[in-house]
Amino acid sequence: MSSAAVLIVAKAPVPGLAKTRLAGEFGDVGAATLAAAALLDTVRTARGVAGASVIVALTGRLADAVRSADLIEALSGCTLITQRGDGFAQRLVNAHLDAADTGAQRVIQIGMDTPQVRADQLRSALRRLEPRARRCVLGIADDGGWWAFGTALGRGARALSTVTMSRPDTGIATQAALRHAGLTVALLDPMTDVDLPTDIADVVRECPDTSEFARTAELLGAVR
């Protein structure tokens, strides 16, 4: 296990369970197909971060997911751990603690809602983490949440359990909680994450030509 890791917190893209806020426009299967494409892009980008291992904290059954075979292939070589805990905030905390238990000293955590993220952005975030320093990094999302959290030795992870997730002030509240825990918070560049149909076009514009998400969005008519 590398001392640096990209931690992806993900949900298996099962129709009816994944990206439900997209289902009203694209249906359960369409929403799950977009989620699968976003996860594929995210995993492939993470695997391109030189010197870092990839840990995926997963909930749900890949066997029931859209593009199951593609996802299983993409995840080969990654360390898979099961999300545990009551509520999303506690699952985030445990994912960081479990990642630290694998031997990863520096961890940058992302979700599966930013398929446009680049390997150089993740690599840069990891370089800002130092096991001897009480510093973390946080990427604020355009909707007021956050898209990335990085820390060394799991420091500050428990503070996430004090924050109410999926609110317009989650990013600000997370910064405050981390500082209260004694960490210096370095901010990463903001990024749009895919929560609503209106987010898709902005994200596609930032995706590379090889993006599975961009191709899927175009096939579903999500980009006009």
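Glu73 versus (1) surrounded by fewer than 14 Cβ atoms within 10 Å (Cβ to Cβ); (2) modelled with pLDDT under 95; (3) not β-branched (Val, Ile, Thr): which is the lone unmet condition? Going through the list (1) surrounded by fewer than 14 Cβ atoms within 10 Å (Cβ to Cβ); (2) modelled with pLDDT under 95; (3) not β-branched (Val, Ile, Thr), Glu73 breaks only (2). The residue of segment 171-210 that is modelled with the lowest pLDDT, among those that are more than 16 Å from Gly144 (Cβ to Cβ) and of a type in the set (S, T, N, Q), is Thr210.
Whenever a residue of segment 127-149 is closer than 15 Å to Asp199 by Cβ and in contact (Cβ under 8 Å) with a residue 40 or more places away in the chain, its partners that are of a type in the set (D, E, K, R) and surrounded by 18 or more Cβ atoms within 10 Å (Cβ to Cβ), lying with C-beta atoms within less than 6 angstrom and at least six residues away or across chains, give the pairs Ala141/Asp193; Trp147/Asp193. When the helices (runs of 4 or more DSSP H) confined to segment 158-224 are screened for residues that are open to solvent by less than 80 Å² (accessible area, probe 1.4 Å), within 25 Å of Asn94 (Cα to Cα) and not charged (D, E, K, R), those reaching at least 1 such residues are found at 170-180. Within segment 90-125, the residues that satisfy the criterion of being among the small types (Gly, Ala, Ser) and either out of contact with any helix residue (DSSP H, G or I) (no Cβ under 7 Å at 6 or more places or on another chain) or crowded, with 24+ Cβ neighbours inside 10 Å (or both) are Ala95, Ala99, Ala100, Gly103, Ala104, Gly111, Ser124, Ala125. Looking at segment 1-32, which of its residues are crowded, with 24+ Cβ neighbours inside 10 Å, part of a helix (DSSP H, G or I) and in contact with a Leu (Cβ under 7 Å, 6 or more places away or on another chain)? Leu22, Ala31, listed by residue number. Could you give every pair whose Cβ atoms fall below 9 Å, whose first residue belongs to segment 180-197 and is more than 27 Å from Leu153 (Cβ to Cβ) and in contact (Cβ under 8 Å) with a residue 12 or more places away in the chain, and whose second residue is among the aliphatic types (A, V, I, L, M) and part of a loop (DSSP other than H, G, I, E, B), counting only separations of at least 6 or pairs across chains? As it stands, the answer is Val194/Met112; Pro197/Ala222, since those pairs meet every condition given.
The values are calculated or read from the model by the stated rules, or taken from the named source; none is laboratory data. This is a predicted model, so every value here is computed, not measured. Every residue, glycine among them, receives a Cβ derived from its backbone with ideal geometry; neighbour counts consider all protein chains shown. For the accessible areas, the whole protein counts, side chains as well, though only heavy atoms, and no ligand, DNA or RNA atoms are used. Shrake-Rupley method; radii C 1.70, N 1.55, O 1.52, S 1.80 Å.
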